[in-house]
1. May I ask you to order 138-149, 279-290 by the average number of other C-beta atoms within 10 Å around their residues, highest value first?
2. Can you tell me what share of the DSSP beta bridges in the chain is antiparallel? A percent to the nearest 5 is fine.
3. If contacts are Cα pairs under 8 angstrom and at least 6 residues apart, what is the relative contact order of the range 259-314 in percent?
4. Of all DSSP beta bridges located in the range 125-258, what percent are antiparallel, nearest 5?
5. Taking the simple approach of a point 7 Å from Cα along Cα-to-Cβ for both residue 58 and residue 140, what is their distance in nm?
6. Let me have the relative contact order for the chain, percent, based on Cα pairs under 8 Å that are six or more residues apart.
7. For residue 206 and residue 44, compute 0.36 nm times the residue count separating them, minus their Cα-Cα distance, and round to one decimal in nm.
8. Between residue 69 and residue 158, take the C-beta separation as r, use R0 = 56 Å, and let me know the FRET efficiency to the nearest 0.05.
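Values quoted throughout were computed directly from the atomic coordinates according to the rules given, and no laboratory measurement underlies them. Computed from a predicted structure; not experimentally measured. Cβ atoms come from the backbone with ideal geometry, glycine included; neighbour counts cover every protein chain shown.
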Ligand code: GDD
Ligand code: MG
């Protein structure tokens, strides 16, 4: 089977992290977002993943080369010269997606995390005889998403409304699809939205089906959702592979620490923390609800909560970093500095307090 991952967009909502790498390569739970997806696809027998890209393809491909060999999945790129939206890229990659067979293919938004229940999706898709299956999930705030109204017994989609202004329902498009090649006949080679132009038509032809996604789901394309997504992901690890989580007197709740990270004496870490490769966490540090990316150094007695610390940054001793502070790559925060929601661009030195949420350039 084949899969296409929609990788376009500039990831502006995840700046400053996306100033260093394209959004799908931003680490989530110690691994680039897109690798979680590629590994799950490989596990259900996908042999080729096509990245639909309109931004810095060479960065993605160079990075993923290593994983192509490791996972033995072919990873190719379909490059747009102008942004083609969420359906146009499928038309552009048509020849790569279909090889004469009638086999369905996967399409994924690159910024969604879940348990990726792809084998359940395949089984359901084969059972209903429609053209397309989308995964849906329940959320509290449906207006940010594509809302799906379905017939409960069969899963047939009655309506698909992208980002509705008035309440339509609370089941939303999770950005995970399985499509028959015939769907490609509905898409012209021009910028097109699959959510606004294609799904509503397939639904009115009564050929669109939806399956409620078991387990957790999150779009992690914004910092607050990224931190929530980390909590949900770690909860799910606790249920499904608890041995991957850290244990010990310094651990509180669900914590993922890379084997190459060093944790000093008297630290208290958790809940909902990921500490990446080669990090050094000095004695007495307090970490909760945060993501510490590769190569970061946190000095003695610093306290970090609800924040993301980008690659190779350092946080000084007794510093306090909180309230959705996002440090870009290679940021250096001085001793005893306080950050309340600072969003700091890469390669900065922060010597004075950031007292309210603001962008530091
Ligand atoms: N190749 C390519 N070209 N990809 C694109 C383009 C483009 O022009 N525009 C967007 N994408 C990719 C994004 O990188 C992302 O992976 C995916 O398409 C969806 O775009 P977002 O910008 O993240 O959309 P959204 O989050 O507002 O809404 C979408 O996702 C929701 C679930 O997270 C929609 O699919 C909603 O219906 C859905 O509920
Ligand atoms: Mg999104």
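1. On the way: 138-149: 16.5, 279-290: 20.5.
Going from most to least packed, we get 279-290, 138-149.
2. On the way: 22 of 81 bridges.
If I count the DSSP bridges inside the chain, around 25 percent turn out antiparallel.
3. On the way: 158 pairs, mean separation 17.0, N = 56.
It comes to 30 percent, rounded to a whole number.
4. Values: 13 of 18 bridges.
Around 70 percent antiparallel, to the nearest 5.
5. Going from the residue 58 label point to the residue 140 one covers 4.5 nm.
6. On the way: 922 pairs, mean separation 46.5, N = 361.
Across the chain, relative contact order equals 13 percent.
7. Values: separation 162, 0.36 × 162 = 58.32 nm, distance 2.75 nm.
The span from residue 206 to residue 44 would gain 55.6 nm if fully extended.
8. Values: r = 45 Å, r/R0 = 0.81.
Result of the calculation: an efficiency of 0.80.
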